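Notes to accompany the following structure.
The values are calculated or read from the model by the stated rules, or taken from the named source; none is laboratory data. This structure is a prediction, so every number in the text was calculated from the model and none was measured. Ideal geometry is used to build each Cβ from the backbone, glycine not excepted, and the neighbour counts take in all protein chains shown. For the accessible areas, the whole protein counts, side chains as well, though only heavy atoms, and no ligand, DNA or RNA atoms are used. Shrake-Rupley method; radii C 1.70, N 1.55, O 1.52, S 1.80 Å.
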Amino acid sequence: MKKITSFLSLALFVSFLLTGCSGSQQPKVTENVYPVIPKPVKMEPQKGRFLFTGDTRIIYYPGNDELQDIGEFLSGLVSRPVDFTVAVMPADENVSEPNTVFFSLDTTLDLNDEGYLLNIDTRAIEIKAKTPQGIFYGVQTLRQLLPPQVEGQAKMDAAALSVPCVKIEDQPRFAYRGLHLDVGRHFFSKDFILRYLDLMALYKYNTFHWHLTEDQGWRIEIKKYPELTKVGSCRKETLVGHWGGKKKYEYDGKEYCGYYTQEDVKEVVAHAKDLYITVIPEIEMPGHSLAALASYPQLGCTGGPYEVATHWGVFKDIYCAGNDSTFKFLEDVLTEVMELFPSHYIHIGGDEAPKDRWKKCPKCQARIKAEGLKDEEELQSYFISRIEKFLNAHGRDIIGWDEILQGGLAPHATVMSWRGIKGGIAAAKMHHDVIMTPGSYCYFDHYQADPKKEPLAIGGYLPLEKVYSYEPVPKELSPEEQKYILGAQGNVWTEYMATPDYVEYMVYPRACALAEVDWTPAGEKDYDDFQQRLKGNLEHLKAMGVNYRPLGNDEKTMKK
Ligand code: TNX
């Protein structure tokens, strides 16, 4: 195999000399022929283009099914709009001709496990990486260099099926590159989730945080507790307009339901795996749990009755921490969740849990006494630590929102810092891993332009440039502490996003900007250059029918 690889490298090198794919008149990166997002670490444009034809073959290091699958993915993309099919085959001794796309694995490369080298010249394309995941990312870059029509439904002129010559050396800055979706406030079909993942992969996101349980709806089938989906997945109606500050509220009077079966979940997890995306499920506790309490009232401090919430906000009824059956229930739920999700992390929520009920609940007070806890904050820590112990015993680790710092952090927890960056800084200083999701940079439910001209959103103001400007590593951390920052994540809370189109409008192109925050070295970021690339890149989303927010009209109100 090595012989073949080096033979091919030689062929590439010779063709490189012949076609003069270096030269003094290199095209500029900012020209739209290289609309790659996130920006690669090193990108050297070259002269000329590689044309895909009916004779082009995608060849891969033999014996690796993943490479074959990635080859099929690329073949499907380039073959769909034309009248020929690009063949995919393992490398054999005869591979010496040009007109190939070659995938090779080389564990000695000076790259991290997600990095890749992409070399396009007029005669051949080579993608090298240490892992299939790296090859996959090389293909995503190649995909963004193809004409946008490949992403659409229509046929195209085969003469235009080409990519510009370039040499790329690339690897991500952060190991955690996340996008979240709240399916509790509004439910989104399995097909939409699959599409959401497809778009994430295009921008090299590797983690999907799936927020599955909320006050307004429980969205995952749990076989042992059928009421969760029978009762908890439906609310009797939904608030119309904005929540907060009004004397009188209007409701739509329409029942709203939805949940994923375990078969749906398996399909989502399998599709994500094909795209090198880990799905982290979030099962909220102790707060944001009204839908669960409505299904099983004995899990609350008062015993109910409870109703699945019909408006947004924070609710006082939360899981009872004094009740052993609460833990039994959550452990049973998490057992089924662990069977469905192979992710190392399970997100257990932990945010916005008012302590009003616990203060008045004899069982909770007895627990505080028996465990020698100081107050209800420590009771929350007890709650989270107890669940953490259970998950650790099954080989998993927890992630929690930054409220889990209050009352003492569970020993192995990873913290998601959302109320600014303070929680992230505190956790990193305690040598806990951190994922940065501060509201002012990472909340894609905030307005992206003047609220008067935008559809209803929760509030805030987060234009594209501000997302782009985000630096996930706080200055307050020492180089040693900085290592605990795993990366950043965009959060998509859907109180005010009732449709897939609106989710896409709120997420894109802001998720393009955050992808670059997570991937590109801080010193390589440049907003003007990003905007240039984005113009060309958005043509791909347009071809896919993504309802992204068009560029512009956000500068006027932009606070610099
Ligand atoms: C706070 S972020 C929440 C969510 C809301 C969001 C709205 C977090 C951990 N909790 O429940 O949907 O604000 O922006």
Alpha carbon centroid spacing (whole Å) that separates region 306-341 from region 392-421: 17
Amide proton proximity set for residue 449, modelled H, under 5 Å, gap of 5+: 462
Extension reserve of the residue 227-residue 422 stretch, reckoned as 0.36 nm per residue once the Cα distance is removed: 66.3 nm
Cα long-axis angle, helix 262-274 against the chain (0 to 90 degrees, to the nearest 10): 40
Cα gyration tensor category, rounded, prolate or oblate, for region 304-462 with a/c compared to 1.5: prolate
Region 411-560, accessible area per residue, ligands and nucleic acids excluded (1.4 Å, Å²): 39
Segment residue 471-residue 335, extension gain: residue separation times 0.36 nm, minus the distance between their alpha carbons: 45.3 nm
Under 5 Å, built H, 5+ apart or other chain: amide partners of residue 50: 163, 165
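FRET efficiency for residue 450 and residue 528, Cβ-Cβ distance as r, R0 = 35 Å, nearest 0.05?
After rounding, the FRET efficiency stands at 0.95.
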Part-to-part distance (alpha-carbon centres) for region 218-256 and region 443-459, which is given in Å: 23
For region 176-526: rounded, prolate or oblate by the Cα gyration tensor [a/c cutoff 1.5]: rounded
Area of residue 480 that stays accessible when all protein chains are in place (1.4 Å probe, Å², to 10): 100
Amide N proximity, region 277-303 versus residue 393 label position 7 Å along Cα-to-Cβ, cut-off under 17 Å: none
Nearby lysines by direct alpha-carbon distance to residue 47 (threshold 16 angstrom, same-chain neighbours under 8 apart not counted): 28, 167
Residues in region 304-326 that a label on residue 406 would reach, taking backbone N under 20 Å of a point 7 Å out along Cα→Cβ: 312-323
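Mind listing which trypsin sites (Lys or Arg not before Pro) in region 123-188 are in a DSSP loop and have 14 or fewer other Cβ atoms within 10 Å? Provide the component values of the computation, followed by the final result.
On the way: sites: 123, 128, 130, 143, 155, 167, 173, 177, 185; in loops: 123, 130, 155, 173, 185.
Passing sites in region 123-188 are 155.
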With at most 15 other Cβ atoms within 10 Å, longest stretch of the chain clear of loop chymotrypsin sites (Phe, Trp or Tyr not before Pro) (DSSP): 250-560
Net charge dipole size for the chain [Lys, Arg +1 and Asp, Glu -1 on Cβ; Debye, nearest 20]: 1000
Extended-chain gain in nm, criterion 0.36 nm per residue less alpha-carbon gap, residue 371 and residue 248: 39.9 nm
Residue 80 paired with residue 190, simple spin-label distance in nm, labels 7 Å along Cα-to-beta-carbon: 2.1
Degrees, to the nearest 10: 324-340 long Cα axis against longest axis of the chain: 10
Whole-angstrom gap from region 35-79 to region 103-163, using each part's C-alpha centre: 3
Share of carbon and sulfur in the accessible heavy-atom surface of the chain [1.4 Å probe, %]: 53
Gyration tensor (alpha-carbon) shape descriptor, region 341-425, a/c threshold 1.5: oblate
In degrees, nearest ten, helix 510-519 long axis to first principal axis of the chain (Cα): 70
Lysines with Cα under 20 Å of residue 466, excluding same-chain neighbours fewer than 8 positions away: 39, 422, 452, 453, 475, 525, 535, 556, 559, 560
Among the listed pairs 328/363; 248/359; 316/355; 273/328, those beyond 19 Å (Cα-Cα): 248/359; 273/328
